[in-house]
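Engineer: Mind having a look at this structure? Questions to follow.
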Amino acid sequence: MSAPLDVFRRLTSGLYVITATHGGQSGAFTAAWVSQVSFDPLLVILSVHPAHATWPLVEQSGRFVINVLKSGQHELARHFGTSSSRDADKLAMIRTTPASGGAIVLADAAAWFDCRLEWQHAAGDHIVVTARVAGGQVVDPDATPMQYAETGNMDGSAVLYPLHW
């Protein structure tokens, strides 16, 4: 039987940068657990670790942007996925564009979704967020979205899996 890490690394998922603003502060983090869950209304889910410095901005503002990374944007993924907004302004040196209501969009993203928080629910060591999609745009129609598997073990998550079932 395969180890849990070997099996779970075969689940397909993209890699996204979640951006949020509130009270003059902004932040961003990477997320791999994002999925559409409804057509009517148009809803997505996102799994967030509550220790992310940006999570309070999402929770307090009730909104966030899902930025879809392009295949090959490893440095951008590393930038947002291996440091904390508590230590530095991760958006300071990144090209961004404003969306409605002050939302921040990564200018070099393949696409983005403007989301409004509907509800949240504790799920193990993460919070599952359901959000209504209020808008979005394809920025680069020729881009292939980045897959989480492209990042290898960039986020160090391999140590979180048990060795055996």
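Since every read-out is calculated from the coordinates, none of them should be taken as a lab result. What you are looking at is a predicted structure, and each value in this text was computed from that prediction instead of being measured. Positions of Cβ are generated from backbone atoms using ideal geometry, with glycine treated the same way; all protein chains shown enter the neighbour counts.
Engineer: So which trypsin sites (Lys or Arg not before Pro) in segment 1-96 pass both tests, a DSSP loop state and at most 12 other Cβ atoms within 10 Å of the Cβ? Don't jump to the answer; show the numbers that get you there.
Structural biologist: Numbers: sites: R9, R10, R63, K70, R78, R86, K90, R95; in loops: R9, R10, R86, K90, R95.
Sites meeting the loop and neighbour criteria: R10, R86, R95.
Engineer: Where does the chain land at 222 nm, in deg cm²/dmol rounded to the nearest 500, when only DSSP H runs of n ≥ 4 count, each adding -39500 (n - 2.57), divided by all residues?
Structural biologist: Values: 3 runs with 20 residues, N = 165.
Rounded to the nearest 500, the figure is -3000 deg cm²/dmol.
Engineer: Taking the Cα centroid of segment 1-18 and of segment 51-106, what is the distance between the two, rounded to the nearest whole Å?
Structural biologist: Measuring centre to centre over Cα atoms gives 22 Å.
Engineer: Whose amide H sits under 5 Å from the amide H of I127, counting only residues 5 or more places off or on another chain, with H placed in the peptide plane?
Structural biologist: Here the answer is V48, H49, since their amide H atoms fall under 5 Å of that of I127.
Engineer: While we're on this one: Please give, to one decimal in nm, the separation of the simple spin-label points placed at F8 and Q36, each 7 Å out from Cα toward the Cβ.
Structural biologist: Spacing of the two 7 Å Cα→Cβ label points: 2.7 nm.
Engineer: Using the charge dipole of segment 12-165 (Lys, Arg: +1 at Cβ; Asp, Glu: -1 at Cβ; taken about the Cα centre), state which of L76, S35, Q60 has its Cα farthest towards the positive end.
Structural biologist: Q60
Engineer: How charged is the neighbourhood of L117? Take every other residue with its Cβ under 10 Å from the Cβ of L117, and add Lys/Arg as +1 and Asp/Glu as -1. Write out the running numbers ahead of the final one.
Structural biologist: Working: positive: R63, R116, R132; negative: E59, E118.
Taking every other residue near L117 into account, the sum is +1.
Engineer: Next question. I'd like the Karplus ³J(HN,Hα) series for segment 92-101: coefficients 6.51, -1.76, 1.60, θ = phi - 60°, whole numbers in Hz, and an x wherever there's a Gly or Pro.
Structural biologist: 4, 9, 10, 5, 10, 9, x, 10, 4, x
Engineer: Of the labelled options [x] 50, 35, 32; [y] 49, 34, 29; [z] 113, 37, 31, which one gives Cα extents along the principal axes in Å as computed for this structure?
Structural biologist: For Cα extents along the principal axes in Å, the calculated option is [x].
Engineer: What is the distance, in nm, between label points placed 7 Å from the Cα along the Cα-to-Cβ direction at M93 and at Y161?
Structural biologist: With each label placed 7 Å out from Cα toward Cβ, I get 3.2 nm.
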